[in-house]
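Okay, so here's the structure we're looking at.
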Amino acid sequence: MQKLILASASPYRAIQLKQLGLSFSQVPAAIDETPQHGELAAALCERLARQKATKIAEQYPGAAVIGADQVVEVAGELLGKPGTFAAARAQLRKQSGATVYFHSGCAAAYLQAHEDSHTLSKAGSHNALSVIESAVNTTRVVFKALSDAQIDDYLHRDQPFDCAGSFKSESLGISLCAAIYSDDPSSLVGLPLITTGQLLTKIGYNND
């Protein structure tokens with residue numbers, strides 16, 4: 001069986017990937033996630049997903065590596081993980097009554113294992129990758145008009161401070177929504193599983 005690695009420490013993405021019945025390990029990919037000047041949300045999350053997958057694939061030749069990233073966009077503003085209660089409250093105030101776009105980037109990478117794979121890994125050359133495939137899945141969420149009391153109650157109960165957009169759709173966050181539009185329900189959590197399966201097939205991942 002080919003080794004599969006999730007290039008993330010996220011417990012949420014790990015739970016999701018287990019839904020596909022795959023055995024995998026987690027190796028976080030520390031990269032600079034600063035947006036480039038003028039970079040659009042969808043392009044940003046796809047670039048970061050590719051960089052994460054690339055970095056870990058070059059460290060583990062022969063393994064299939066999944067990278068993922070999510071960027072939340074409301075009225076042209078990009079929202080990341082809030083980290084604190086105050087930041088989460090500010091994010092949800094911006095999303096109250098608004099249509100919000102959750103862009104989930106996913107990438108699958110594979111570096112052919114050779115005798116000189118250690119040298120390639122140290123070089124860290126993107127050209128050393130045998131194959132990388134990526135895609136973005138966007139979910140459109142219409143939020144209800146939320147009072148400060150509703151926002152604070154939600155934050156105290158769900159504590160989504162490590163979630164982009166301060167929102168857990170798989171938990172109490174669903175109560176904040178008026179409507180959700182998506183062709184992959186798993187995408188909103190952070191790892192679009194339909195896309196993930198497709199990308200693994202494209203890079204020739206062997207689960208036998």
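The values are calculated or read from the model by the stated rules, or taken from the named source; none is laboratory data. All figures in this text were calculated on a predicted structure; none of them were measured in a lab. Backbone-built Cβ (ideal geometry, glycine too); neighbour counts: all protein chains shown. Remember, those area values only see protein heavy atoms, side chains included, never the ligands or the DNA or RNA. Shrake-Rupley method; radii C 1.70, N 1.55, O 1.52, S 1.80 Å.
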Expressed to two decimals, the range 123-208 has a Cα Rg over Rh, using the Kirkwood radius, of 1.14
Of all DSSP beta bridges located in the chain, what percent are antiparallel, nearest 5?
-> 85
When the chain is treated as a GNM, springs tying every alpha-carbon pair under 10 Å, which of ALA41, ALA145, ALA68 comes out with the largest mean-square fluctuation?
-> ALA145
GluC sites (Glu not before Pro) within the range 72-116, DSSP loop, no more than 13 other Cβ atoms inside 10 Å = GLU115
Of 193-204, 53-64, 157-168, 102-113, ordering from highest average Cβ density within 10 Å down gives 102-113, 53-64, 157-168, 193-204
With the radius of gyration and the Kirkwood radius both derived from the Cα set of the chain, what is their ratio Rg to Rh?
-> 1.01
The range 1-79 to the range 138-153: how many Å between their Cα centroids?
-> 26
If you stretched the chain out fully between ALA145 and GLN36, how much longer would it get, using 0.36 nm times the residue separation minus the C-alpha to C-alpha distance?
-> 36.0 nm
For the chain, with all protein chains present and a 1.4 Å probe, just round the carbon and sulfur fraction of the accessible area to a whole percent.
-> 50
Note to self, the chain gives a 222 nm [θ] from helices alone (DSSP H runs n ≥ 4, -39500 (n - 2.57) apiece, / all residues, nearest 500) of -9500 deg cm²/dmol
Roll a 1.4 Å probe over the protein chains and send me the accessible area per residue for the chain in Å².
-> 47
Rounded to the nearest 5, the percent of DSSP beta bridges in the range 1-101 running antiparallel is 45
Pick from ILE132, ILE151, ILE31: which is most flexible by mean-square fluctuation in a GNM of the chain where alpha carbon atoms under 10 Å apart are linked?
-> ILE31
